[in-house]
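Here's the structure, in structure tokens; my notes come after.
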Amino acid sequence: MVDYQRMREEVHLNQNKAIYVNCVCTLINFLLLFIIAVMLGPVAHDAGILINDAGKSLADLSIMIPEINRLIPEARNTTLILGHMIPRITQGMDILRQLCNQDPACH
């Protein structure tokens, strides 16, 4: 009977130790999570500021999109005009180069 009583006390003591270790580990985990949450607070604040700024930029861009769409055909026309003018400009530069080669005062 004494052995049974002693074994029961040891099991009870081991259970108490296990509960104590479990509480300590849970407290450490809670403290780590709390510290991480406190450290992430400023990051979340900065992210909120960045998101608000991005929203304002998108609003500004949405105002500009109709203007950009209006300019695209004009840019295409300019590109076409330049495409037609480049050979003429090149030809004019060749003529000027030939004239300069013929006249030594040109240099």
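The values are calculated or read from the model by the stated rules, or taken from the named source; none is laboratory data. No experiment lies behind these values; they were computed from the predicted model shown. Positions of Cβ are generated from backbone atoms using ideal geometry, with glycine treated the same way; all protein chains shown enter the neighbour counts.
Just wondering, is there one or more residues in segment 51-66 that are assigned to a helix (DSSP H, G or I), at pLDDT below 85, among the small types (G, A, S) and over 23 Å from the mean Cα position of the chain (by Cα)? For segment 51-66, residues assigned to a helix (DSSP H, G or I), at pLDDT below 85, among the small types (G, A, S) and over 23 Å from the mean Cα position of the chain (by Cα): absent. Pairs meeting the criteria (first residue in segment 46-67 and on the phi > 0 side of the Ramachandran plot and free of Cβ contacts under 8 Å to residues at least 12 places away in the same chain, second residue surrounded by 10 or more Cβ atoms within 10 Å (Cβ to Cβ) and acidic (D, E), beta carbons under 8 Å, at least 6 apart or on different chains) are lacking.
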